[in-house]
Amino acid sequence: MSLSIWTIAVIAAAFALAYWNVPGLIWLGAAAAALLAGFVGGTLLVKEVFVLGAILVACGLVLGVPPLRRTLVTRPLLAWYRRQLPAMSQTEQEAIDAGTVWWDGDLFSGRPDWNKLLALPRPGLTAEEQSFLDNETEQLCAMVNDWEISHIYQDLPPQAWQFIKDKGFLGMIIPKKYGGKEFSATMHSQVIQKLATRCSAAAVHVMVPNSLGPAELLLHYGTEEQRSHYLPRLARGLEIPSFALTNPHAGSDAASIPDFGIVCKGTWEGREIVGMRVTWEKRYITLGPIATLLGLAFRLHDPQRLLGGEEDIGITCALVPTSTPGVDIGRRHNPLNAVFQNGPNRGKDVFMPLDWIIGGPKMAGQGWRMLMESLAAGRSISLPSSSCGYSKLAARATGAYARVRSQFKTPIGKFEGIEEALARIGGNLYIMDAARAMTAGAVDLGEKPSVISAIVKYHLTERGRSVINDAMDILGGKGICLGPRNFMGRAYQQVPIVITVEGANILTRSLIVFGQGAIRCHPFVLREMNAARDGDLKGFDAALFGHLRHVIANEARAFVMAITGSRFVAAPLAADPRTLRYYRHLTRLSAALAYLSDVSMFALGGSLKRREKISARLGDALSMLYLASAALKRFEDEGHQEADLPFLHWSVQDALARAARALPGAIANYPNRLLGALLRAAIFPLGRHFAPPSDALGHEVSALLIAPSAARDRLSAGMYLPKDESDPIGCLEAALEAAIRAEAVEAKIRAGQKSGAFAGRTPEELKQAALAAKIISEEEKALLERASQLRDEVIRVDDFPQDLGRSEAIRPAPPQRAAA
């Protein structure tokens, strides 16, 4: 056996052992077998075998005998690691510890278990929930619209507010024993989504009390006395809650809020008690202007040690009735003409009992942990659901408009430029809705997915912004003239709000997704950090050497899968055969991400926290893996719908292309160019080959949006669809049906005109001539007239008197009704 053959065999065997992540004893046995084979085959001399064998025995003794390994190797590494470990504040530690790790952990491991994902139950609604969605939620949608609340009421109409309170919309997450609905996260998501297709203020006013706020904090941390008093009142709308966190000087850095409380003695209801004097200034507080119960976050101090502990107790959350003397509820903000109630509030030296702390005095200083633990569920639902809502409106309505609106005697939806925008709308919406449903389902399974909540908050709002922008480009002048007929203008105007709130998107992408994911989702990093901080040599040893095997395995797997095109990667048995290649490619990118993340954390250390652009790109890759997983899960859950394949292919191919762009982008910006080159050779040895969706695929997607079909209905499922043709969406639906039926008749007229059977200049002359020539029938002529009348109404925009500021001037002429 030649030395080259033996060397190649040894390298191949090493890659195989690394790929399968075998235990150390098997590595030692394989190395011994390789030496024996080299000696027997005449490749190695006795001297070479002796030297290599001695090295192997030494390594085996040091690494294979745990007490010896811990003394000679792990102990000095632990001392070095503790010096390198960046300082972490209490608030940072609480943010890291908050929530749970779910499917994001699989994706970060490099070995996602697809069978586990596909075995999860499909999120669904109970009969009671479905009834509420089909009846009460539908009725609320019929009572409101963005134009009226923006230009007439500057708020929800009084009857809508009363309906929301009476029907229990404010208590959807509150248990039935406290008078609430006790609905699932999936139901909460569905309600917000449907309302968002109709009226942003209705969605927000229902969303906030059921998201991060007094009710959720009370449920998890309140005393039974607090729950029994407040939850029934919140459920019935007798209390309107808001939660006040953001200070003018502490927005993204919410943990540094300067609002403070001082533990002191004071008079309360005629007797002296130990309470606290709280001073605060808040802004951007949704429902703040009408709140009767303020959830308030501040830093509590105890300079006199009246509670017997530290002077700086920490961030604390309290429930403060807004009728309390000294509370100034302030006026309203005007967030881009979205008229949901939002405004500032403040107080100076407001004395209140310690019993107002959520959970009572024993929970003083636990506010940041409470917020971090509770944030994951609300952030997983509210803004992702509203983003899907207005995106469904955009997809269905804009697709219909693109078929009804014609230029150059052709529906604009059939021009390739419009097709490109429609394809992005359809593909983005498919993957957005899949991620929304899967994440809400995870919350229903008991998860508090902190990293995933950041992923869906950022990416669903960003893709929603892309959908709205594309819709506005298609609508053109129709989209930029506000009025009752404009179904997209308000969404376009207000979309920056969802980008900004609940963690601004730049912050979320740059610091949170990977910043938390690298520690929370990694199978070893958090264990190493905790063991190092505790000085746990044995725990650190187990985590460290498990981590080393993990790194070697993912490097080998990423390289092997890259050079083989992922062809031999295991795929889930239950998956549709047409999707197997996607699972294999995602597994490959998962291994690449895991390996690159480990190298980045080791090579950049604490500086990775400051290299936000690299961190953001790594987070983008993780996010794309999650979104693609959700799309594949949706396709399986919905029964492998053949007609939906264009949506699936477009969305997953887009996610793969984005992930494959993000990873090399991170490598290209490594400060160490040599290391970057080595990483590129290991992860993408043959270069990037994940192309974005093709034009042909985009044509298939856009075609599904401009014609009625089951696929279009599934894509827009859950939105509010009015039937009345005086409503712009109802008119569009009728116009789309009429336009498609009229196309065959119009083709007859064009053919007759071309053949010389009749002549005419205007559309009316052509119809009359075709009727006289018996090319079309009276019924067909009536169909053309109905389609024309509906088309005219669809493309019409509103106009107003010159004085737009007068209240009577903002009511345009009512829309014309098409003949039946």
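The values are calculated or read from the model by the stated rules, or taken from the named source; none is laboratory data. Bear in mind the structure is a predicted one, so any value in this text is a computation, not a measurement. As a convention, Cβ positions derive from the backbone with ideal geometry for all residues, glycine included, and neighbour counts pool all protein chains shown. Heads up: the accessible areas ignore ligands, DNA and RNA and are worked out on the full protein's heavy atoms, side chains in. Shrake-Rupley method; radii C 1.70, N 1.55, O 1.52, S 1.80 Å.
Taken over the range 445-470, the criterion of being of a type in the set (D, E, K, R) and modelled with pLDDT under 95 is satisfied by GLU447, LYS448. Cβ-Cβ distances below 7 Å connect the following pairs, each with a first residue in the range 340-351 that is closer than 10 Å to ALA244 by Cβ, a second residue that is of a type in the set (Phe, Trp, Tyr), and a separation of six or more residues or different chains: ARG346/TRP280; GLY347/TRP280. Here the condition is being modelled with pLDDT of 95 or more and out of contact with any Lys or Arg (no Cβ under 7 Å at 6 or more places or on another chain); of ILE358, ILE412, it holds for ILE358 alone. Filtered by the rule that a residue be open to solvent by 40 Å² or more (accessible area, probe 1.4 Å) and closer than 19 Å to MET207 by Cβ, the range 125-141 gives LEU125, GLU136, GLU138, GLN139. As a summary of the residue check, ILE152 satisfies the conditions (1) within 30 Å of LYS633 (Cβ to Cβ); (2) modelled with pLDDT under 95; (3) open to solvent by 30 Å² or more (accessible area, probe 1.4 Å); (4) β-branched (Val, Ile, Thr) except for the one numbered (1). When each of PRO214, PRO232 is tested for being open to solvent by 10 Å² or more (accessible area, probe 1.4 Å) and either in contact with a Gly (Cβ under 6 Å, 6 or more places away or on another chain) or of a type in the set (Gly, Ala, Ser) (or both), the lone residue that passes is PRO232.
Report yes if ASP792 is at pLDDT 90 or above and charged (D, E, K, R), otherwise no.
Values: at pLDDT 90 or above: yes; charged (D, E, K, R): yes.
So ASP792 fits the description; yes.
Could you identify the single residue in ALA575, ALA591, ALA603, ALA630 that is touching a Leu at 6+ places or on another chain (Cβ under 9 Å), in contact (Cβ under 8 Å) with a residue 24 or more places away in the chain and open to solvent by less than 20 Å² (accessible area, probe 1.4 Å)?
Numbers: ALA591 fails: touching a Leu at 6+ places or on another chain (Cβ under 9 Å); ALA603 fails: open to solvent by less than 20 Å² (accessible area, probe 1.4 Å); ALA630 fails: touching a Leu at 6+ places or on another chain (Cβ under 9 Å).
Checking each option against the conditions leaves just ALA575.
What are the residues in the range 663-686 that are touching a Pro at 6+ places or on another chain (Cβ under 9 Å) and either surrounded by fewer than 18 Cβ atoms within 10 Å (Cβ to Cβ) or not hydrophobic (A, V, I, L, M, F, W, C) (or both), if any? Within the range 663-686, ARG680 is the sole residue that qualifies.
A quick yes/no check of all residues on (1) closer than 23 Å to LEU218 by Cα; (2) in contact with a strand residue (DSSP E or B) (Cβ under 9 Å, 6 or more places away or on another chain); (3) in contact (Cβ under 8 Å) with a residue 24 or more places away in the chain:
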position: GLY266; (1), (2), (3): no, yes, yes
position: GLU272; (1), (2), (3): no, yes, no
position: ARG277; (1), (2), (3): yes, yes, yes
position: ARG283; (1), (2), (3): yes, yes, yes
position: LEU287; (1), (2), (3): yes, yes, yes
position: ARG299; (1), (2), (3): yes, yes, yes
position: ASP302; (1), (2), (3): no, yes, yes
position: LEU306; (1), (2), (3): no, yes, yes
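Total residues in the range 703-724 satisfying the condition of being open to solvent by less than 40 Å² (accessible area, probe 1.4 Å), farther than 18 Å from ALA196 by Cβ and either without any contact (Cβ under 8 Å) to a residue 12 or more places away in the chain or not small (Gly, Ala, Ser) (or both): the figure is 4.
Inside the range 348-364, can you point out the residues that are part of a helix (DSSP H, G or I) and aliphatic (A, V, I, L, M)? Show your work before the answer.
Of the residues in the range 348-364, the ones part of a helix (DSSP H, G or I) are 354-356, 361-363.
LEU354, MET363 - these are the residues of the range 348-364 that are part of a helix (DSSP H, G or I) and aliphatic (A, V, I, L, M).
Just one of the numbered conditions (1) closer than 22 Å to GLY237 by Cα; (2) open to solvent by 10 Å² or more (accessible area, probe 1.4 Å) is not true of ARG122: (1). The helices (runs of 4 or more DSSP H) located wholly in the range 637-750 that include 2 or more residues which are under 29 Å from the mean Cα position of the chain (by Cα), of a type in the set (D, E, K, R) and farther than 29 Å from ASP134 by Cβ occupy 645-668, 695-705.
Restricting attention to the range 554-582, the residues that are farther than 21 Å from ASN115 by Cα and not in a loop (DSSP other than H, G, I, E, B) add up to 6.
Just to be sure, is MET561 open to solvent by less than 30 Å² (accessible area, probe 1.4 Å) and more than 24 Å from the chain's Cα centre (by Cα)? Can you show your working first?
Values: open to solvent by less than 30 Å² (accessible area, probe 1.4 Å): yes; more than 24 Å from the chain's Cα centre (by Cα): yes.
When the stated conditions are applied, MET561 passes them.
Restricted to the range 305-341, and to residues that are among the polar types (S, T, N, Q) and modelled with pLDDT of 95 or more, which residue is nearest to VAL501 (Cα to Cα)? Explain how you work it out, then say what you get.
Here is the first cut: in the range 305-341, the ones among the polar types (S, T, N, Q) are 316, 322-324, 334, 337, 341.
After this cut, where a residue has to be modelled with pLDDT of 95 or more as well, the list is 316, 322-324.
Details: THR316: 22, THR322: 23, SER323: 27, THR324: 28 Å.
The selected residue is THR316.
For residues in the range 447-466 being within 15 Å of GLY105 (Cβ to Cβ) and of a type outside the set (Asp, Glu), which is most open to solvent (accessible area, probe 1.4 Å)?
Restricting attention to the range 447-466, the residues satisfying the condition of being within 15 Å of GLY105 (Cβ to Cβ) are 447-455.
Next cut, of a type outside the set (Asp, Glu) only: 448-455.
Details: LYS448: 59, PRO449: 0, SER450: 9, VAL451: 2, ILE452: 1, SER453: 0, ALA454: 0, ILE455: 1 Å².
Here the residue is LYS448.
Across the range 404-434, the qualifying residues are those that are surrounded by 21 or more Cβ atoms within 10 Å (Cβ to Cβ) and acidic (Asp, Glu), and the one among them that is nearest to SER386 (Cα to Cα) is ASP433. The set of residues in the range 483-510 being β-branched (Val, Ile, Thr) and either closer than 15 Å to SER387 by Cα or surrounded by 20 or more Cβ atoms within 10 Å (Cβ to Cβ) (or both) consists of VAL495, ILE497, VAL498, ILE499, THR500, VAL501, THR508. For the range 237-280, filtering for residues that are open to solvent by less than 70 Å² (accessible area, probe 1.4 Å) and on the phi > 0 side of the Ramachandran plot leaves 1. Would you call VAL513 crowded, with 20+ Cβ neighbours inside 10 Å and within 22 Å of GLY606 (Cα to Cα)? In short, yes.
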